[in-house]
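What follows is one structure encoded as structure tokens, with my remarks underneath.
Quick note: the coordinates plus some simple rules give every number you see, no bench work behind them. Quick caveat, the model's predicted, so the values are computed rather than measured. We place every Cβ from the backbone using ideal geometry, glycine too, and count neighbours over all the protein chains shown.
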Amino acid sequence: MTASSSKAYREKQRRNYVNTRFLDLIADLESGITTPNLDKATVLTDAIRTVKLLREETSSLTSQNRELKQKINELKAKKNDLCDEKHVLISEKEKLK
């Protein structure tokens, strides 16, 4: 095998690898692909759009999670206050007997 044919072989292997990775990407994006045209530019555009949507969703869910954790802490504090009040009332009731 000559140097030029070896280089050509490596380039063919690289192209095959890239094409296989694009097919994997198409399969992963299949439900979100908006057009039947599957050229590489379209696949990359759809992949970018999908990543942006997922980032927005992640941001929204992170914000919701933060708000829910805050609400949980507020409810725990309220519960503790009610438990304390209950114990005070129970002790007062015992004193009245």
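To the nearest 0.05, how large is the calculated FRET efficiency for LEU44 and GLN70 if R₀ is 41 Å and r is the Cβ-Cβ distance?
Working: r = 39 Å, r/R0 = 0.96.
Calculated transfer efficiency: 0.55.
Dimensions of the chain along principal axes (Cα, Å, largest first)?
For the chain, the Cα extents along the three principal axes come out at 104, 34, 16 Å.
First select every other residue whose beta carbon is under 11 angstrom from the beta carbon of ALA8; then total the charges, Lys and Arg +1, Asp and Glu -1.
Working: positive: LYS7, ARG10, LYS12, ARG14, ARG15; negative: GLU11.
Charge balance near ALA8 sits at +4.
How much net charge surrounds ASN73 when only other residues with a Cβ under 14 Å from its Cβ are counted (Lys, Arg +1; Asp, Glu -1)? Please list the in-between numbers first.
Working: positive: ARG66, LYS69, LYS71, LYS76, LYS78, LYS79; negative: GLU67, GLU74, ASP81.
Overall, the nearby charge balance is +3.
Quick one: how many lysine pairs in the chain have C-alpha atoms under 16 angstrom apart, if they're 8 or more apart or on different chains? Could you put the intermediate results ahead of the total?
Details: LYS69/LYS78; LYS69/LYS79; LYS71/LYS79; LYS76/LYS86; LYS78/LYS86; LYS86/LYS95.
The result is 6.
Which angle from 0 to 90°, rounded to the nearest 10, does the C-alpha axis of helix 3-29 make with the longest principal axis of the chain?
40
Looking at the range 48-97, I'd like the Rg to Rh ratio, where Rg is from alpha-carbon atoms and Rh is Kirkwood's inverse mean 1/r.
On the way: Rg = 21.6 Å, Rh = 14.1 Å.
When Rh is taken as the Kirkwood radius, the ratio is 1.53.
Spin-label point model (7 Å from Cα, Cβ direction): what's the LEU23 to LYS97 distance in nm?
In this crude label model, LEU23 to LYS97 measures out at 8.0 nm.
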